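K.L.:
Would you mind keeping the following structure in view while I ask a few things?
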Amino acid sequence: MFKLCYVIVGFLALLESSYSQEAQRSFTSRVDVLLESYFEKGKLNGDILIAVDGQEIYHRAWGYVNMVTEEELDSMSVFGLASVSKIFTSSALHLLEQRGEISLQSSIRVFFPELPAVYEPVTIYHMLSHTSGIPRNPGSWQNLVGRTNQDILEFLMAQKALEFVPGSAYQYCNYAFVLLAMLVERVSNLSFADFLEKELFQKAGMKHSFAIRWEQEENYYRERERLGLVHSYVNGKRADWPLYTYGPGGVCATAKDLLRWDRAVFSQRIFTQEQLERILRPVQVRGEDQHYGLGWGVLDAGGERIVGHTGGMFGFRILYEHQIQSGVTLIIMGNIGDDMPLMEIRSELLRVLIESIRG
């Protein structure tokens, strides 16, 4: 999960009182100079958005959708969110709980009786907080190429033991979120993609977001092109491998749509304040807070609570961060893998922001 490098104190008050158009131009120019240096070195290909209290103060795309044709990225470019998708999977579960259709304290076997008895102590809460002990996928995301959620379920059905007693440890687990997405489908009688579209994307005004629907290889590349998903690259080579699993990943969106989501969540259009506080409360393991809530990363530092998620899958590198006290939202979306130093760029953007505030 991300580390806090700089804390922004009183930025919103500064905006309201004295942040002039000249200061805005100066800030934009400074960010452009910073990002141009990364772009010229081949360390940036993506979309950068910064907002305060839901209002954009910087947004610009750098680079290409397709490295061969040099079709340029723009503000409407759609990126795979990788693990940032977990926020939406978590939100789907919380909506079902709001309606009384599930309890987060229920065993996963209530919804998946085909799982062996060893899964009985695993609750939805454990799965959302990565404290379930469910066996993890071996190796990297590349091992999931061509596999479906049903394949993952069958793998879990064959396991004889959990990795630890649920609740006794924190261990990041993508397979738990595969089951959670399938749970949404079993309870709602909708596909996961349809549920997110109806219950989350439409409510947040996210008109250019979707969850993957393709399940057959012959449709995969055609659907990617039709939906406008940008190409991804690893070590300079195309990395648009067929990935059919969803829940831990599989949501695609523009930077502007992520900001629309941010506005909807923190204006309480999706959850009440009480619900949001519970979702963003760090989970405890053996009396110690972890840097994770229920599907969201959570970090407290310097009097600021930072929430959001990072994501990395194939060539996509994504950061979505909301600083609760200052109201700053930072969205970084890239499609050239680790050639783009995501966290370094994040730190540099915040440095420029602080320097601009201080004049």
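The values are calculated or read from the model by the stated rules, or taken from the named source; none is laboratory data. The structure displayed is predicted, hence computed values, not measured ones. Note: ideal-geometry Cβ built from the backbone for every residue, glycine included; neighbour counts use all protein chains shown.
K.L.:
Looking for whichever is modelled with pLDDT of 95 or more and in contact with an Asp or Glu (Cβ under 6 Å, 6 or more places away or on another chain) here; the options are P242, P282. Which one fits?
P.N.:
Working: P242 fails: modelled with pLDDT of 95 or more.
Matching residue, one of P242, P282: P282.
K.L.:
Considering only region 105-132, state which residues are surrounded by 16 or more Cβ atoms within 10 Å (Cβ to Cβ), among the hydrophobic types (A, V, I, L, M, F, W, C) and without any contact (Cβ under 8 Å) to a residue 60 or more places away in the chain.
P.N.:
Passing the criteria: L115, V122, I124, M127.
K.L.:
Still on this model: Considering only residues of region 304-313 that are among the hydrophobic types (A, V, I, L, M, F, W, C) and touching a Phe, Trp or Tyr at 6+ places or on another chain (Cβ under 6 Å), which is modelled with the highest pLDDT? Let's see the steps before the verdict.
P.N.:
We begin by selecting, within region 304-313, every residue among the hydrophobic types (A, V, I, L, M, F, W, C); these are 306-307, 313.
Still in the list and also touching a Phe, Trp or Tyr at 6+ places or on another chain (Cβ under 6 Å): 307, 313.
On the way: V307: 98, M313: 92.
By that ranking, first place goes to V307.
K.L.:
If you check N189, N174, which single one turns out to be within 22 Å of G297 (Cα to Cα) and either polar (S, T, N, Q) or under 19 Å from the mean Cα position of the chain (by Cα) (or both)? Explain how you work it out, then say what you get.
P.N.:
Numbers: N189 fails: within 22 Å of G297 (Cα to Cα).
When all the criteria are applied, what remains is N174.
K.L.:
To continue, here is another question. Out of A193, A176, report the one residue that is touching a residue at least 40 places away in the same chain (Cβ under 8 Å), part of a helix (DSSP H, G or I), closer than 23 Å to Y292 by Cβ and of a type in the set (G, A, S).
P.N.:
After ruling out the rest, the residue left standing is A176.
K.L.:
With the structure loaded, tell me whether T89 is under 19 Å from the mean Cα position of the chain (by Cα) and among the β-branched types (V, I, T) or whether it fails that test.
P.N.:
So T89 passes the test.
K.L.:
Quickly run through region 5-61 and pick out the residues that are crowded, with 17+ Cβ neighbours inside 10 Å, at pLDDT 95 or above and of a type in the set (F, W, Y).
P.N.:
Y38, Y58
K.L.:
Out of the residues in region 62-80 that are surrounded by 15 or more Cβ atoms within 10 Å (Cβ to Cβ) and out of contact with any His (no Cβ under 8 Å at 6 or more places or on another chain), state the one that is nearest to L179 (Cα to Cα).
P.N.:
Applying the filter and picking the extreme gives G80.
K.L.:
Whether any residue in region 216-237 is in contact (Cβ under 8 Å) with a residue 12 or more places away in the chain, part of a loop (DSSP other than H, G, I, E, B) and aromatic (F, W, Y) is what I want to check.
P.N.:
No, region 216-237 contains no residue that is in contact (Cβ under 8 Å) with a residue 12 or more places away in the chain, part of a loop (DSSP other than H, G, I, E, B) and aromatic (F, W, Y).
K.L.:
Taking the condition under 23 Å from F192 (Cβ atoms), in contact (Cβ under 8 Å) with a residue 60 or more places away in the chain and among the polar types (S, T, N, Q), does T329 pass?
P.N.:
It is false that T329 is under 23 Å from F192 (Cβ atoms), in contact (Cβ under 8 Å) with a residue 60 or more places away in the chain and among the polar types (S, T, N, Q).
K.L.:
Please count how many residues of region 110-157 are assigned to a loop (DSSP other than H, G, I, E, B) and modelled with pLDDT of 95 or more.
P.N.:
15
K.L.:
Taking region 339-348 as the search range and keeping residues that are touching a residue at least 24 places away in the same chain (Cβ under 8 Å) and surrounded by fewer than 22 Cβ atoms within 10 Å (Cβ to Cβ), which one is farthest from G54 (Cα to Cα)?
P.N.:
The qualifying residue farthest from G54 (Cα to Cα) is D339.
K.L.:
Let me ask you something else. Please find, among G293, G287, G228, G205, the residue that is modelled with pLDDT of 95 or more and on the phi > 0 side of the Ramachandran plot.
P.N.:
Going through G293, G287, G228, G205 in turn, the sole match is G205.
K.L.:
Within region 81-98, can one find any residue that is more than 21 Å from A239 (Cα to Cα) and surrounded by fewer than 15 Cβ atoms within 10 Å (Cβ to Cβ)?
P.N.:
Yes, some residue in region 81-98 is more than 21 Å from A239 (Cα to Cα) and surrounded by fewer than 15 Cβ atoms within 10 Å (Cβ to Cβ).
K.L.:
So, in region 308-318, how many residues would count as being under 20 Å from L350 (Cβ atoms) and surrounded by 22 or more Cβ atoms within 10 Å (Cβ to Cβ)?
P.N.:
Counting residues in region 308-318 that are under 20 Å from L350 (Cβ atoms) and surrounded by 22 or more Cβ atoms within 10 Å (Cβ to Cβ) gives 5.
K.L.:
Residues of region 296-325 being within 9 Å of the chain's Cα centre (by Cα) and of a type in the set (G, A, S), which ones?
P.N.:
Scanning region 296-325 gives G308, G311.
K.L.:
Take the residues in region 216-225 that are exposed (fewer than 14 other Cβ atoms within 10 Å of the Cβ) and of a type in the set (D, E, K, R), then tell me which one is modelled with the lowest pLDDT.
P.N.:
Applying the filter and picking the extreme gives E217.
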